[in-house]
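The values are calculated or read from the model by the stated rules, or taken from the named source; none is laboratory data. All values reported here derive from a predicted model rather than from experimental measurement. Note that each Cβ is placed from the backbone with ideal geometry, even for glycine, and that neighbours are counted across all protein chains shown.
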Amino acid sequence: MGKRIVMVGAGLSGAVIGRTLAEAGHDITVVDRRSHIGGNCYTERDAKTDVMVHVYGPHIFHTDDEEVWNYVNRFTTFLPYKNRVKSTVGGQVYSLPINLHTINQFFGKALRPDEARAFIAAQADRSITDPQTFEDQALALIGRDLYEAFFKGYTEKQWGCSPRDLPASILKRLPVRFNYDDNYFAHRFQGMPKQGYTPMIAAILDHPGITVRLDTAFGPEEVGEWDHVFWSGPLDSFFGYRLGRLAYRTLDFKAFRHKGDYQGCAVMNYGERSVPYTRITEHKHFAPWESHEGSVLYEEYSRACGPEDIPYYPIRLVKEKALLADYVAESQKTSNVTFVGRLGTYRYLDMDVTIREALDCGRAYLRAEKHRNSMPAFSNVHI
Ligand code: FAD
Ligand code: UDP
């Protein structure tokens, strides 16, 4: 007989694990404290302009994982979409990620690829052989001028600290290209769901073995009522924050409407500190196959996350990692609870990685059940 299993959170993690277990015959309840499914991937149409809005910030799907790509395409129609990001610096608009166009425009040159490679190598700080910080990684890779123009101010705004205090891994997410390829992501499969992410997640949840309860906060005291709990809420919230709060950055989106086309692209970054927001997103450009008179835009401001704010980016510095280790040790003492997703494992996870981990986690549960083993507190956690 199927087990009674609850997914705390109706985002991608809860939906995909729930679906995997429902298909295996389990009785799944998905609860979310919000009034909608989809977690942070939630999209909805603006009533005035009909533009599809990425309510919790812009989401572009990109992956090299063919199984994940086939999985999402099973539930909705994706249309081709390439993310081409611009950055306004010093009154000029440049192309990101740093590519040959950015380099030639910034330095007023007409270099060919090999020339640009040699030119940037001469700018780079060769004394930094094993960069550990964001700043050292940038100086070693592209030199001071490009770093200060495109990364220093933006990163200070985004993270609220000096790039000297951030790990090199954050910058390693971005490539530097010596050709004119301005595709922000290098993944094989990229696209945007034609009708936004909400119908895709609704389709994943649409199974006779799944019941969804919205506007319902799940508390740790309810764990005993279920055969198993998959917790995709904040890890520290499960323990009532008793060891302290894991630090996050939150985002404020200042929305405004515009008639016509405001900025001509989906994402415009602002590298300078003097501009208080990090970027402006114009949502209709995420659906270039649609046409709208009006436009909806978000100015995006980053700040420290308070107790009432939505946690967006985990801050994984030494202090936070020590606290995370303490919570992981606590979690391993619990039984019948598995912590999953971006909040449950306190990591920045792209959607494709979230889905991959959720598929693997659901399968791990089914394997453990078959062999009568208990499911561990984590399938994935990195300290
Ligand atoms: P979430 O979506 O956060 O879902 C967790 C859910 O749990 C929430 O709905 C919450 O309300 C609910 N919950 C929490 N506690 C409780 C409780 N006690 N009881 C009931 N419900 C609870 N990924 C990409 O691939 N491409 C992108 O372009 C991209 N852009 C992003 C931009 C931003 C600004 C951010 C922050 C993330 C971006 N991501 C992107 C990552 C993407 O948002 C995540 O991969 C995805 O949301 C993770 O899903 P999840 O289910 O783990 O978490
Ligand atoms: N970044 C920057 N300038 C930019 C874009 C990104 O300094 O114009 C830095 C910033 O610190 C950011 C990191 O590079 O956190 C990774 O960029 P990405 O676009 O992956 O940011 P995210 O999707 O996390 O917002």
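Results for (1) within 16 Å of ligand 2 (Cβ to nearest atom); (2) of a type in the set (Asp, Glu); (3) under 28 Å from Tyr346 (Cα atoms); (4) at pLDDT below 95, shown as yes or no for each residue.
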{"position": "Ala186", "(1), (2), (3), (4)": "yes, no, yes, yes"}
{"position": "Ala203", "(1), (2), (3), (4)": "no, no, yes, no"}
{"position": "Arg213", "(1), (2), (3), (4)": "no, no, yes, no"}
{"position": "Ser232", "(1), (2), (3), (4)": "no, no, yes, no"}
{"position": "Asp236", "(1), (2), (3), (4)": "no, yes, yes, no"}
{"position": "Arg245", "(1), (2), (3), (4)": "no, no, yes, no"}
{"position": "Leu251", "(1), (2), (3), (4)": "yes, no, yes, no"}
{"position": "Val275", "(1), (2), (3), (4)": "yes, no, no, no"}
{"position": "Ala287", "(1), (2), (3), (4)": "no, no, no, no"}
Given the criteria more than 14 Å from ligand 2 (Cβ to nearest atom), under 19 Å from the mean Cα position of the chain (by Cα) and surrounded by fewer than 19 Cβ atoms within 10 Å (Cβ to Cβ), does Glu299 qualify? yes
In the stretch 53-67, is there at least one residue being more than 20 Å from the chain's Cα centre (by Cα), modelled with pLDDT of 95 or more and surrounded by fewer than 21 Cβ atoms within 10 Å (Cβ to Cβ)? no
When residues of the stretch 338-352 are limited to those that are assigned to a loop (DSSP other than H, G, I, E, B) and among the aromatic types (Phe, Trp, Tyr), the one nearest to ligand 1 (Cβ to nearest atom): Tyr348
Among (1) within 16 Å of ligand 2 (Cβ to nearest atom); (2) in a loop (DSSP other than H, G, I, E, B), where does Ser335 come up short? (1)
Enumeration of residues in the stretch 157-182 that are more than 11 Å from ligand 2 (Cβ to nearest atom) and assigned to a helix (DSSP H, G or I): Arg164, Asp165
Please go through the stretch 1-38 and give me each residue that is charged (D, E, K, R), more than 9 Å from Leu214 (Cα to Cα) and crowded, with 24+ Cβ neighbours inside 10 Å, ordered by number. Arg19
